[in-house]
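First the structure, in the form of structure tokens, and then the observations on it.
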Amino acid sequence: MRPTLDREFASFAAHCEGWRPRFGLVLGSGLGPLVDRFEVLDEVPYSNVGGMAASTVPGHAGRFVRVKIGSVETIVAQGRVHLYEGHSGRRATAHIRAMASLGVETVLLTNAAGAINRDFSLSWMAITDHLNLTGASPLTGSSRFCDMGEAYDPTLRALLLRVAREQEIVVSEGVYAGMSGPQYETPAEVRMLALLGADAVGMSTVLETIQARALWMRVIGLSLLTNWAAGLSDDILDHEDVMARGKAAVSQLERLLVALVGHLPK
Ligand code: HPA
């Protein structure tokens, strides 16, 4: 049976009177400015939502924005909070439960990630599966034994890949390793992740996916490969560079989204 949400977000839903989002979008590092490309209908800072923490990370605005993408009403989580900011898995995924409380059934989770698979180019990667190496879960404290067999919806991923081809945007497919951070990986850790089957590594998304699947939401995961993971190039990893790569990719993401949302199942 489909799980029901508790009353955690009753006051948020009251705040969002009239919102009828069909689609949820979580924007990762540097991708926040995407919101300005769409017609903004409303916004609510996370600090106004009981149970939610404001992000302390540059590039993560910390608000819900209600936008129209084409004709589809969408709720955007502009910025997320992370485990490395000191939050529990449950708190770091409150935005997913908040979206579900408004009736959202499909979410696109974006993130910035380091590329591990040398066959990839530094473009986008559609997440096929993940390794949750954070040691945390948003479901801790419950006994919800959530199936994770097809956590990233294969039909929606195929749709994303099709629209990407049409738009001539390079999107690889691969496994995302979620680490707790905030330090970037060592080269030895990246070699370990490669052995484990990871194609990219980042510090978010996996807990959101678990939370979303526990609520029977459909998940699309999309990583922007902002850099080669540690040890695969001589570059020093730096959050400023990650954000700059994000900003530079915003117009590609806009094109992908407009095309994708137009084809979403009703
Ligand atoms: N590692 C972890 N997180 C990241 C990276 C990385 O190389 N790049 C962007 N986010």
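The values are calculated or read from the model by the stated rules, or taken from the named source; none is laboratory data. This is a predicted model, so every value here is computed, not measured. Please note: Cβ atoms are built from the backbone with ideal geometry, for glycine as well, and neighbour counts cover all protein chains shown. Each accessible area value is taken on the protein alone, full model and side chains, heavy atoms only, with ligands, DNA and RNA left out. Shrake-Rupley method; radii C 1.70, N 1.55, O 1.52, S 1.80 Å.
Which of 113, 248, 100 ends up with the largest GNM mean-square fluctuation for the chain, with Cα atoms connected below 10 Å? Comparing 113, 248, 100 in a Gaussian network model of the chain, the most mobile one is 248. For the chain, averaging the sequence separation of C-alpha pairs within contact (under 8 Å, six or more residues apart) and dividing by the residue count gives a relative contact order of 26 percent.
In this entry, the chain is assigned a mean projected area of 13.1 nm², taken as a quarter of its C-alpha convex hull surface. Based on Cα contacts under 8 Å between residues 6+ apart, the range 146-226 shows a relative contact order of 44 percent. The magnitude of the dipole of the chain, with charges of +1 and -1 set on the Cβ of Lys/Arg and Asp/Glu and taken from the Cα centre, is near 760 debye. The largest-to-smallest principal axis extents of the Cα set in the range 72-126 are 40, 34, 15 Å. Percent of C-alpha pairs per 10 Å bin in the range 206-266, short distances first: 17, 32, 36, 14, 1. Build a GNM of the chain with springs between Cα atoms under 10 Å: which of 188, 61, 151 gets the top mean-square fluctuation? Looking only at 188, 61, 151, the largest GNM fluctuation is found for 188.
Shown for the range 85-199: the carbon plus sulfur share of the solvent-accessible area, taken with all protein chains present and a 1.4 angstrom probe, equals 50%. Accessible area per residue for the chain is 43 Å², calculated with a 1.4 Å probe on protein heavy atoms, without ligands, DNA or RNA. The value of relative contact order for the range 79-147, using C-alpha pairs under 8 Å at least six residues apart, is 48 percent.
Computed from Cα atoms, the angle from the helix 239-248 axis to the main principal axis of the chain rounds to 70 degrees. Considering only 222, 232, 246, the residue lying farthest towards the positive end of the dipole of the range 215-262 is 222, judged by Cα position with unit charges set on Cβ.
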